[in-house]
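These notes are about the structure you will find just below.
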Amino acid sequence: MPERRISKQARSVIILWVIGTVIGEALVFNLHRLMPSMLPPTASDLAVNTNLTLGVFTAVAVPVAMVVIAVAIYTLATSRSREFPDSDGPPIHGNSWVQGSWLGTSAMLCVGLLVWGLALMPGIYSPRPGKNLVVDVTGQQWQWTYSYPGEGNVTSTTLELPVNVPVTFRVTSVDVNHSFWVPALAVKVDANNGRVTTAYVRPDRVGTYTVECAELCGLYHAYMQSPANVVTAAEFSSWISSQRRSGS
């Protein structure tokens, strides 16, 4: 009788787990259709890998999370008491096979995801092939300033980048710590006072995006935003010329 009861419990949990996993994975793989504004647009070589990594990590996490959720749902549905218990429940002995399987599977997933992350990490900190456009980014309460040393030190509060041209960001701060974040480009790097942090990217999609601060930096942190325009090479040259004429 006890063996039949355990088998019934296991089957119920497995059925709940399979249903939850199928629904969860369907949502993950169709998230861009169901909620297109949930993820930023993919506008750089780095963003492609970042969104792929996010999708893989989420897809792997779904079945693991559903194990916990399935057990919780089954327990709440079958073992809850409407009265206050007047005695301790029977002692529970762990199942060595279940515990070993859970530990082994979790370890393999963690190692696999670690290897995945380490394989992609060099792309964030490696210069892109070709002549890089250098942009000095300075954060201050509560504004971003961009300087182009290779273009006569043109300075602007709007980030302007040519499409399909590799870019080197040199990021710093003149007061508190900030975090330079362009979600569409998948660039996110600390802006620390007195230090320069470098990031590399190649924008590959024309459009207007948003630069944000991802580090709480004071009263108007939420308003520390500026536009990031990825334009054609001709439009970028024209913009640089107009900035020089205006003395920026």
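The values are calculated or read from the model by the stated rules, or taken from the named source; none is laboratory data. Remember, it's a predicted structure, so these values are computed and weren't measured experimentally. Every residue, glycine among them, receives a Cβ derived from its backbone with ideal geometry; neighbour counts consider all protein chains shown. For the accessible areas, the whole protein counts, side chains as well, though only heavy atoms, and no ligand, DNA or RNA atoms are used. Shrake-Rupley method; radii C 1.70, N 1.55, O 1.52, S 1.80 Å.
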In terms of the charge dipole of the chain, which places +1 on Lys and Arg and -1 on Asp and Glu at the beta carbon, the residue among 12, 186, 137 farthest towards the positive end is 12
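Explain nothing, just the number: dipole magnitude of region 200-248 about its Cα centre with +1 on each Lys and Arg Cβ and -1 on each Asp and Glu Cβ, in debye rounded to the nearest 20.
Numbers: 4 positive and 4 negative charges, 50 e Å.
Dipole of region 200-248, to the nearest 20 debye: 240 debye.
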Could you check the simple spin-label distance between residue 222 and residue 147, using points 7 Å along Cα→Cβ, in nm with one decimal?
3.2
Region 111-117 - phi-based ³J(HN,Hα) in whole Hz, Karplus 6.51/-1.76/1.60, Gly and Pro as x
5, x, 5, 5, 4, 4, x
At a 1.4 Å probe radius, carbon and sulfur cover how many percent of the accessible area of region 105-248?
56
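With every protein chain kept in place and ligands, DNA and RNA left out, what is the accessible area per residue of region 1-152? Probe 1.4 Å, answer in Å². Numbers along the way, then the final one.
Working: 11060 Å² over 152 residues.
That works out to 73 Å² for each residue.
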Short version: ³J(HN,Hα) in whole Hz for each residue of region 27-34, in order, from phi by Karplus 6.51 cos²θ - 1.76 cosθ + 1.60 (θ = phi - 60°), x for Gly and Pro, what are they?
5, 4, 6, 10, 4, 5, 8, 6
A student applying the Cα gyration tensor rule (rounded when a/c is under 1.5; otherwise prolate if a/b is larger than b/c, oblate if not) would label region 207-248 oblate
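On full extension of the chain, what length is gained from residue 29 through residue 232, given 0.36 nm per residue of separation minus the C-alpha to C-alpha distance? If you can, show how the numbers build up before the last one.
Working: separation 203, 0.36 × 203 = 73.08 nm, distance 3.25 nm.
Gain in length upon complete extension: 69.8 nm.
Report, for the chain, the % of DSSP beta bridges that are antiparallel, rounded to 5.
Expressed as a percentage, antiparallel bridges in the chain total about 70.
Within region 1-104, report the GluC sites (Glu not before Pro) that DSSP leaves as loop and that have at most 16 other Cβ atoms within 10 Å.
On the way: sites: 3, 25, 83; in loops: 83.
When the GluC sites (Glu not before Pro) of region 1-104 are filtered for loop state and at most 16 Cβ neighbours within 10 Å, 83 remain.
Give the calculated FRET efficiency between residue 51 and residue 82 to the nearest 0.05, with a Förster radius of 51 Å applied to their Cβ-Cβ distance.
On the way: r = 47 Å, r/R0 = 0.93.
Efficiency, from the Cβ-Cβ distance: 0.60.
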Please identify the trypsin sites (Lys or Arg not before Pro) of region 151-196 that satisfy two criteria: DSSP loop assignment and at most 13 other Cβ atoms within 10 Å. Which are they?
195
Answer label for mean projected area of the Cα convex hull in nm² (calculated), chosen among (1) 19.9; (2) 13.1; (3) 12.5
(1)
Decide, for region 102-144, between rounded, prolate and oblate: order the square roots of the alpha carbon gyration tensor eigenvalues as a ≥ b ≥ c, take rounded if a/c falls under 1.5, and otherwise choose prolate if a/b is larger than b/c, else oblate.
oblate
About its Cα centre, the chain carries a charge dipole, from +1 on Lys and Arg Cβ atoms and -1 on Asp and Glu Cβ atoms, whose size in debye to the nearest 20 is 480
Using a Förster radius of 35 Å, what is the FRET efficiency between residue 208 and residue 110 based on their Cβ-Cβ separation? Nearest 0.05, please.
0.35
